[in-house]
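Novice: Dropping the structure in here first, questions after.
The values are calculated or read from the model by the stated rules, or taken from the named source; none is laboratory data. Quick caveat, the model's predicted, so the values are computed rather than measured. We place every Cβ from the backbone using ideal geometry, glycine too, and count neighbours over all the protein chains shown.
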Amino acid sequence: MANDTYESPLNSRYASKEMQYIFSPDKKFSTWRKLWIALAESEKELGLDITDEQIDEMRAHIYDINYDDAREREKKVRHDVMSHVYAYGLQCPKAKPIIHLGATSCYVGDNTDIIIMTEALRLIKQKLVSLIGELAKFAEKYKDLPTLAFTHFQPAQPTTVGKRATLWLEDLLMDLEDVDHQLSKAKLLGCKGTTGTQASFMELFEGDHEKCKKLDELIAQKMGYDKCFPVSGQTYPRKLDSQILNVLSLIAQSAYKFSNDIRLLQHLKQIEEPFEKSQIGSSAMAYKRNPMRSERIGSLARYVIVDALNPAVTASTQWFERTLDDSANKRISVPEAFLAADAILSLYINVVDGLVVYDKVIYQQFMREIPFMATENIMMDAVKRGGDRQELHEKIRVYSMEAGKRVKAEGLDNNLVELIANDPAFGMTKEEIEAVLKPENFVGRAPRQVSDFLSDHVTPILENNKDLLGVTVEINV
């Protein structure tokens, strides 16, 4: 790394090597060359005068890209595609006359962009499936552990730690559904020409419409796709970029929600993200254990959510069959969205894999609040013992206010149980009241909901994608 030149932190700090490669020059320009080979092979099969020798020569130089020649040429002609056509021709003198025959720049540029985005989305899916698998294990492990639930970040009717994890999981299942939908309709631009009319190929194939249609089919098959866009201008519809980055934005939204929950839980000392032995939490406060990975998830998620606006604006401002005001924007916004989403998922997997649950703290905080929530149960038991509901309701109201003031104003323990036990109107001992306060009595169907959700919705997905499980992630900083 050159220390006198800016390098994106997405490369140097956050994204995986696998995602970095997908958006690398080597991947891009070798794919250009594969597309030129697919074009030449298809044109040969459709009757044009192209030889096996020319195609073999092109195949021999897919990966040994002569970048210096291309760079020098681009300084002169100011055109990246024609510079690489020139460089490829230097290596393939026999094939030089037929490289890029009949095509426009978007043939290699746009088809490559689609191929790269599709491969990147497959890597996103792999990490998403592995994350779902790890989070499912966590939900199963803690499905029975009662904890306070919160509405408005105020203590509310209890849930379980595992049930809360299913809320994070459900968001991810929705994201996976969107990823699968986007992958299921992947298609190439094909070879449509300068305005999408295939006029140059009508010339090459002497007016044969069927050969022009077949050209798209052959290229798609050779590049591993089922189909091409049926109609286009010079480019594939820029709406595709917007659709794909919206999927990444949705993943970022899910991760952001999870990371905020973990940050709040870590403040409550209930659950912590992993903290390594030599990790420093603060330069000034040596005792601190900051949730920095969850904070980084949120930070990167904001970037992806905002970045998804770029292709939306680009798609909506294109003119007729082609303008070039998309190019500079999309070569930044699309790769960076994928690199950031990749980093987010790596962090998410890492955090889930190392979550530390402090069940004793969870129980302690639970028991501080549960007497207030259990008052109706206590009142019903007291009524069964002969008490007057209206009288008991008023007494509980008064005692609850008294206990609440003690907790909030005086910083003392909640003594609501003692106040009720000491009132003969309730006819209940402290032990009898505490029996009502067992945490598991207040979580409703939460444990069963976790089991049903995992078995009915999560396990089938993991089984169908078992070859994607077990991704190993590395956090650089």
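Novice: Suppose the filter is crowded, with 20+ Cβ neighbours inside 10 Å, over 21 Å from THR194 (Cβ atoms) and of a type in the set (D, E, K, R); does ARG71 pass it?
Specialist: On the way: crowded, with 20+ Cβ neighbours inside 10 Å: no; over 21 Å from THR194 (Cβ atoms): yes; of a type in the set (D, E, K, R): yes.
For ARG71, the condition - crowded, with 20+ Cβ neighbours inside 10 Å, over 21 Å from THR194 (Cβ atoms) and of a type in the set (D, E, K, R) - is not met.
Novice: Still on this model: Could you check region 205-236 and list, in sequence order, the residues that are in contact with a helix residue (DSSP H, G or I) (Cβ under 7 Å, 6 or more places away or on another chain) and either of a type outside the set (Asp, Glu) or assigned to a strand (DSSP E or B) (or both)?
Specialist: Taking region 205-236 first, the residues in contact with a helix residue (DSSP H, G or I) (Cβ under 7 Å, 6 or more places away or on another chain) are 205, 212, 215, 218-219, 222-223, 226-228, 234-236.
Scanning region 205-236 gives PHE205, CYS212, LEU215, LEU218, ILE219, LYS222, MET223, LYS227, CYS228, GLN234, THR235, TYR236.
Novice: Turning to a different aspect of this structure: Within region 71-91, is there a residue that is of a type in the set (A, V, I, L, M, F, W, C), farther than 25 Å from PRO237 by Cα and touching a Gly at 6+ places or on another chain (Cβ under 8 Å)?
Specialist: no
Novice: Hey, another quick one. If you go through region 119-140 one residue at a time, do you hit one that is of a type outside the set (A, V, I, L, M, F, W, C), touching a residue at least 60 places away in the same chain (Cβ under 8 Å), surrounded by 21 or more Cβ atoms within 10 Å (Cβ to Cβ) and in a loop (DSSP other than H, G, I, E, B)?
Specialist: Checked against the condition, which is being of a type outside the set (A, V, I, L, M, F, W, C), touching a residue at least 60 places away in the same chain (Cβ under 8 Å), surrounded by 21 or more Cβ atoms within 10 Å (Cβ to Cβ) and in a loop (DSSP other than H, G, I, E, B), region 119-140 yields no hits at all.
Novice: So is LEU148 in contact (Cβ under 8 Å) with a residue 60 or more places away in the chain and either outside the structural domain of ALA341 (by TED's automatic domain parsing) or of a type in the set (Asp, Glu) (or both) or not?
Specialist: Details: in contact (Cβ under 8 Å) with a residue 60 or more places away in the chain: yes; either outside the structural domain of ALA341 (by TED's automatic domain parsing) or of a type in the set (Asp, Glu) (or both): yes.
Judged against the criteria, LEU148 is a match.
Novice: Separate question: Take the residues of region 337-375 that are at pLDDT below 95 and among the small types (Gly, Ala, Ser): which is surrounded by the fewest Cβ atoms within 10 Å (Cβ to Cβ)?
Specialist: My answer is GLY354.
Novice: If I ask for residues that are of a type in the set (Ser, Thr, Tyr) and closer than 22 Å to ASP216 by Cα, which ones from region 82-118 would you list? Show your work before the answer.
Specialist: Looking only at region 82-118, we keep the residues that are of a type in the set (Ser, Thr, Tyr), and these are 83, 86, 88, 104-105, 107, 112, 118.
Matches in region 82-118: THR104, SER105, TYR107, THR112, THR118.
Novice: Still on this structure, I have one more. So, of the residues in region 304-329 that are part of a helix (DSSP H, G or I) and touching a residue at least 40 places away in the same chain (Cβ under 8 Å), which turns out to be nearest to ASN350 (Cα to Cα)? Before you say what the answer is, go through the steps one by one.
Specialist: Here is the first cut: in region 304-329, the residues part of a helix (DSSP H, G or I) are 304-307, 309-316, 327-329.
Going one step further and asking which of them are touching a residue at least 40 places away in the same chain (Cβ under 8 Å), we end up with 304-305, 307, 310-312, 314-315.
Details: VAL304: 19, ILE305: 21, ASP307: 24, ASN310: 29, PRO311: 30, ALA312: 31, THR314: 35, ALA315: 35 Å.
By that ranking, first place goes to VAL304.
Novice: Would you call SER259 assigned to a helix (DSSP H, G or I) and hydroxyl-bearing (Ser, Thr, Tyr)?
Specialist: On the way: assigned to a helix (DSSP H, G or I): yes; hydroxyl-bearing (Ser, Thr, Tyr): yes.
The answer is yes for SER259.
Novice: Hey, can you tell me all the residues within region 159-176 that are outside any helix (DSSP H, G or I) and in contact with a Leu (Cβ under 6 Å, 6 or more places away or on another chain)? Can you show your working first?
Specialist: Step one: list which residues in region 159-176 are outside any helix (DSSP H, G or I), which gives 159-160.
The one that is outside any helix (DSSP H, G or I) and in contact with a Leu (Cβ under 6 Å, 6 or more places away or on another chain): THR160.
Novice: Return only the number of the condition from (1) surrounded by fewer than 16 Cβ atoms within 10 Å (Cβ to Cβ); (2) without any contact (Cβ under 8 Å) to a residue 24 or more places away in the chain; (3) under 30 Å from GLU474 (Cα atoms) that LEU265 does not satisfy.
Specialist: (1)
Novice: Look at region 340-378 and say how many of its residues are under 30 Å from MET19 (Cα atoms), assigned to a loop (DSSP other than H, G, I, E, B) and aromatic (Phe, Trp, Tyr).
Specialist: From region 340-378, those under 30 Å from MET19 (Cα atoms) are 340-356; that's our starting set.
Now drop any that are not assigned to a loop (DSSP other than H, G, I, E, B), which leaves 354-355.
After this cut, where a residue has to be aromatic (Phe, Trp, Tyr) as well, the list is none.
Selection size over region 340-378: 0.
Novice: Looking at region 429-453 only, could you name the residues that are surrounded by 13 or more Cβ atoms within 10 Å (Cβ to Cβ) and either in contact with a helix residue (DSSP H, G or I) (Cβ under 6 Å, 6 or more places away or on another chain) or among the polar types (S, T, N, Q) (or both)?
Specialist: The answer is ILE433, VAL436, LEU437, PRO439, ASN441, ALA446, GLN449, VAL450, SER451, PHE453.
Novice: Can you list the helices (runs of 4 or more DSSP H) lying wholly within region 413-477 that have 1 or more residues being under 19 Å from MET379 (Cα atoms)? Please lay out each step first, then the result.
Specialist: Working: elements: 416-421, 430-436, 446-453, 459-464.
Correct list: 416-421, 430-436.
Novice: Let me ask something else. Could you pull out every one of the helices (runs of 4 or more DSSP H) wholly within region 1-83 that has 1 or more residues that are within 30 Å of LYS214 (Cβ to Cβ), polar (S, T, N, Q) and touching a residue at least 12 places away in the same chain (Cβ under 8 Å)? Spell out how you get there, then give the answer.
Specialist: Working: elements: 17-22, 25-45, 52-59, 67-77.
Here the list reads 25-45, 52-59.
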